[in-house]
Structure formats: structure tokens, C-alpha cells
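Working notes, beginning with the structure itself.
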Amino acid sequence: MFPDALDNLSTHELQRYAEILVYIAAADGELVREEIGAIESLMGRAMIHPETRVSLRHGFETPVPLEQSLANLNVHLAKVALRDAALVAAVDGAYDKREIEALRALADAAKVSEAKLKALLDWVAAGWAWHNEAANILGK
């Protein structure tokens, strides 16, 4: 695994990071298996303690309000969360209007312009295309 900005976050910051991901996944009113899998994977990558993960999973049913998670959020954490939230929002195949609204709020907290947010969403789409190319190479 490549070194990542997640590696330098505190336990409290990691919890807020995961709360944001859960909110983004639930923003469209429906948490699907792919979104839960992506969040679980990212929590594992972030080395979030298993006991903390149990409490964060309660957010799948009742997410922490985004405004609460964004309150006093530092820009560095907001940028890391935005990157991964864009991935989580796309994992089910499309961005819902409410997911985009939540991503915009997170981008504002991260001081990321609309143009850079669009570039990030394009990066996600290119990443999914790159990943899916393996199926074509291997004959599905």
C-alpha cells in the first residue's frame, strides 16, 4: 500500500473522516453493499481500531449530520475526506444529486474550488475505467 495522508491523522480525525464517508454514502437515502464495502475498506486502510469501527457502523442507519462533522474541520482532513468521499459516492455507479451537494459542502470546507472538485470527480471516473480495464485484459 502506498503512503497516504491518512497515515498522519489522529484517532479523533480518523473518526470524523469515517463519519463523513458514511454520511456521503447515505446521502442518497440508500446505502448499498458496494458503498458499505468501500467504507469498510477505507476504514481498514486508515487502521481505524475495530472497536471504533463498531460504533461507526451505527452511522449506517443514522449518520452523523454533515454539518456536525464539518464543524471546525481542518483543511487537510477535509481534503483527504473529500478525495475518499468522491470514491465512495461513485462506487454504486452514479452520483446522486444529494451526494453532489454533500461533496460540494465538503469541498467548501476543504477550500477546493468547483473546478478542482470537477477535476477530482473526473479523476474518480478515470480510476474506475482504469480498474475495469483489467477485466478486459483478462477476458472478464
Seminar exercise, completed: At 4 °C and 1.567 mPa s, the Stokes-Einstein diffusion coefficient in µm²/s for the range 1-79, with hydrodynamic radius from the Kirkwood sum on alpha carbon pairs, is 101
Problem set entry | Spin-label model distance (nm) - ALA94 vs ASN8, 7 Å beyond Cα toward Cβ | 3.9
Problem set entry | Vicinal HN-Hα couplings computed from phi for the range 102-110 (Karplus, 6.51 cos²θ - 1.76 cosθ + 1.60; Hz; Gly/Pro x) | 5, 5, 5, 4, 5, 4, 4, 5, 8
Exercise. Toward the positive end of the charge dipole of the range 5-138, about the Cα centre and with charges on Cβ (Lys, Arg +1; Asp, Glu -1), which of ALA90, TRP130, HIS76 goes farthest?
Worked result: HIS76
Seminar exercise, completed: Hydrodynamic calc, the range 85-140: Kirkwood Rh from Cα pairs, then Stokes-Einstein at 4 °C with viscosity 1.567 mPa s, so D in µm² s⁻¹ is 106
Exercise. Just how large is the dipole of the chain about the Cα centre, in debye to the nearest 20, putting +1 at every Lys and Arg Cβ and -1 at every Asp and Glu Cβ?
Worked result: 260
Exercise. With θ set to phi - 60° and the Karplus curve 6.51 cos²θ - 1.76 cosθ + 1.60, what are the ³J(HN,Hα) couplings of the range 7-13 in order, to the nearest whole Hz, using x for Gly and Pro?
Worked result: 5, 9, 8, 6, 4, 5, 5
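Could you list the square roots of 5 times each eigenvalue of the Cα gyration tensor of the chain, that is, the equivalent ellipsoid semi-axes, sorted largest first and rounded to whole Å?
22, 18, 16
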Exercise. Using a basic spin-label model with each label point 7 Å from the Cα along Cα→Cβ, how many nm lie between ASP108 and TRP128?
Worked result: 2.5
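None of the figures in this text is laboratory data; all of them are computed from the coordinates on show. Values in this document were obtained by computation on a predicted structure and should not be read as measured data. Counting neighbours? That spans all protein chains shown, and the Cβs are built from the backbone with ideal geometry, glycine included.
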